[in-house]
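The values are calculated or read from the model by the stated rules, or taken from the named source; none is laboratory data. Every value quoted in this text rests on a predicted model; they were computed, and no experiment measured them. Please note: Cβ atoms are built from the backbone with ideal geometry, for glycine as well, and neighbour counts cover all protein chains shown. Ligands, DNA and RNA are excluded from the accessible area calculation, which covers all protein heavy atoms including side chains. Shrake-Rupley method; radii C 1.70, N 1.55, O 1.52, S 1.80 Å.
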Amino acid sequence: MWRRLRSALRRLRGSPAAFLGGGGRLPAAMERAVVRCVPSEPKLSLRFVLPDGSAKHMQRDQAEPLGRALARIATNAAKGHAKAAKKSKKARAEGGPAGEAAAAAPAVRLFSRDGEAVAEEVPNAAAWQDGAVLQIGEARYRVERNPPALTELQLPRSLLAGFPVCPKVSAEFAAPQHCLFRWYREQRPAAGVGAAGDGGPAWVEAAAAERVFTPSNALVGLRLKLRCTPGDGAQRYGPPREVESSGPVEAGPGACTFDSRHLYTKKVCGEGSIRAVSYNILADTYAQTEFSRTVLYPYCAPYALELDYRQNLLKKELAGYSADLICLQEVDKSVFVDSLAPALDAFGLEGLFRIKEKQHEGLATFYRRDKFSLLSQHDIAFSEALLSDPLHKELCDKLAEYPLVQEKVLQRSSVLQVSVLQSTTDPSRKICVANTHLYWHPKGGNIRLIQIAVALSHIKHVTCDLYPSIPVIFCGDFNSTPSSGTYSFINSGGIAEDHEDWVSNGEEERCNMPLSHSFKLLSACGEPAYTNYVGGFHGCLDYIFIDKNALEVEQVIPLPSHEEVTTHQALPSVSHPSDHIALICDLKWK
């Protein structure tokens, strides 16, 4: 296998040594010996190329004495020499000198950075230090311990002109922000001229060295290639890797519903302000059902319901809001890991994910790294918290009087994501960011009331007991219109036991109890005519509630016009990736 790999690497980069180190800080006479040594693993790995040209990859116990590893290297070197001698013998004309089929093992030693020989009893983990020199016979190797290395490099499957292409970059002993990026496009063949002579495409550099690349209309029909060199921020670089797009750049959809909104959000807010976004992005697990295609969204072109297409729109939309906080609902786990987290990371946002119980989707909260740091997380599943947390014992006891409702509440998989953030410029400023997606059923008002009571009690515990007096921003899809009991309870601080929502699903599921909370919350974006617009329904279900004692609204980014929303009848559409509309507002500390 190594021989085939070495041969392939020679064709790609001219030398097997390039596999070990990338673009050279060492004298030409010295090869590299690459050591990977991680404290949590029992073995270290060692890669180098022997003088006969054969690449070696060894695994040795970290606690093993150095002498044993050096002896093994000597044996490998002798075997390599013997194999080379046998090949040489076959190649000679009959009657010529035979050459030796075996050779004595060469002297193998390891020297520290200051030139002292490392004692053979020293454990491998301590012996193989960065900058040490390994000597095998006359050959010398500079040891590179834990150099930057790429573990994953992927491009999205769908590329649209005018939409940012955000690669997924995973690295070891490196960070994406310190990597070097080079983008290339296919050379468009001249009329009557075929592909490049070697059978592969010719590539032309397409853009400046940026992590995110937005292809222009001129690149429609051409594939892209990315070359990434991992770096660690300390001027150490590892071997580069390349990845080609699986398909060509395609034409974009033209004007999107969010284009006009981006005019208000070209720049990140100033230091004392916070731009918050709340958005149900429509989980792929729901968009791709036969029911969705034929009943919920029959007006939407099938390709516009495809995940790759919607992700292109979504990443451009979210990046263009220049937000400090983004709370998302209906986020597929794979979408968070493979698409949104890598893309928004490139725009300076750190992501947190909480999956729903027994589901493939959940909640995601992103915060701007240069404005906030994460202090702690306090996520809960409503059903579990209701049963196990003493905080909710009184509510749980009341609910036990209504077994039908209790059963429904405990069957729900809804969760609450709670993150406590601290300002990077003013450590005295902390904020609690809550994110949720309440039960969806139109007749589930009584279930939502119980869920929101649990949520507000938990948030109170975080903002009063754990972090006294810190303000809250509570975002989400509450599946509740402004006329609902849930909205009234959040807004007013209480709900009567005879509110009509306690019988939202008929008399047999009646559930009467008064509820109250001590927060002073305000819907920062007011009560829009709708935040969800599908063929059979439109209404306001999403909110950003803020602590009005500590925060005030600077501006609300206008929602798309009704004409924009209904251009393709309803949502989602070729120009809008979800059936909901994002809420965006700029807040400032009082």
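A few remarks follow.
- Across q = 0.05, 0.13 Å⁻¹, the chain modelled as identical point scatterers on its alpha-carbon atoms has Debye log10 I(q)/I(0) values of -0.32, -1.26, in the order of the q list.
- Accessible surface comparison of Y297, Y184, Y237, probe 1.4 Å, protein chains only, largest first: the order is Y237, Y184, Y297.
- Backbone HN-Hα couplings from phi across the stretch 287-297 [Karplus 6.51/-1.76/1.60, Hz, Gly and Pro as x]: 5, 9, 7, 4, 4, 5, 5, 9, 10, 6, 10
- Paramagnetic reach from E407 (point 7 Å along Cα→Cβ, amide N under 15 Å) across the stretch 475-519: 508-510
- For the cross-link pairs K316/K520; K393/K548; K333/K520; K168/K443; K267/K358, the ones whose C-alpha atoms lie over 32 Å apart are K316/K520; K333/K520; K168/K443; K267/K358.
- Annotation: amide H-H contacts under 5 Å for W203 (H modelled 1.01 Å from N, sequence separation of 5 or more, or interchain): Q187.
- Taking all protein chains as shown and a probe of 1.4 angstrom, V169 keeps an accessible surface of around 20 Å².
- Largest accessible area first, the listed residues Y321, Y264, Y439 line up as Y264, Y439, Y321 when surface is computed with a 1.4 Å probe on the assembled protein chains.
- Cross-link partners for K43 among the lysines, with Cα-Cα distance under 25 Å and sequence neighbours closer than 8 places in the same chain left out: K56, K79.
- Label zone at H57, where the point sits 7 Å out along the Cα-to-Cβ direction: the stretch 220-251 residues whose backbone N lies under 16 Å: 239-241
- Sites matching GluC sites (Glu not before Pro) across the stretch 407-502 that sit in DSSP coil, with at most 15 neighbouring C-beta atoms within 10 Å: E497
- Among 247-253, 397-403, the order from most to least packed when residues are scored by Cβ within 10 Å on average: 247-253, 397-403
- A Förster distance of 30 Å, applied to the separation of the beta-carbon atoms of A529 and S170, puts the FRET efficiency at 0.10.
- Note on R142: accessible area approximately 70 square angstrom, rounded to 10, probe 1.4 Å, nucleic acids and ligands left out.
- Calculated FRET efficiency, A208 to A301, Cβ-Cβ distance, R0 = 56 Å: about 0.95 to the nearest 0.05.
- When the alpha carbon gyration tensor of the stretch 365-503 is reduced to an equivalent ellipsoid, the three semi-axes, largest first, read 29, 16, 13 Å.
- Remark: the A234-E116 segment gains 39.9 nm on full extension, using 0.36 nm per residue and subtracting the alpha carbon distance.
- Remark: the S492-A255 segment gains 81.3 nm on full extension, using 0.36 nm per residue and subtracting the alpha carbon distance.
- Whole-Hz Karplus values for the stretch 390-399 come out as x, 3, 10, 4, 4, 5, 5, 5, 5, 5 Hz, taken residue by residue from phi with 6.51 cos²θ - 1.76 cosθ + 1.60 and θ = phi - 60°; glycine and proline positions read x.
- Net length available on complete extension from R140 to R109 is 10.2 nm, with 0.36 nm assigned per residue and the Cα-Cα distance removed.
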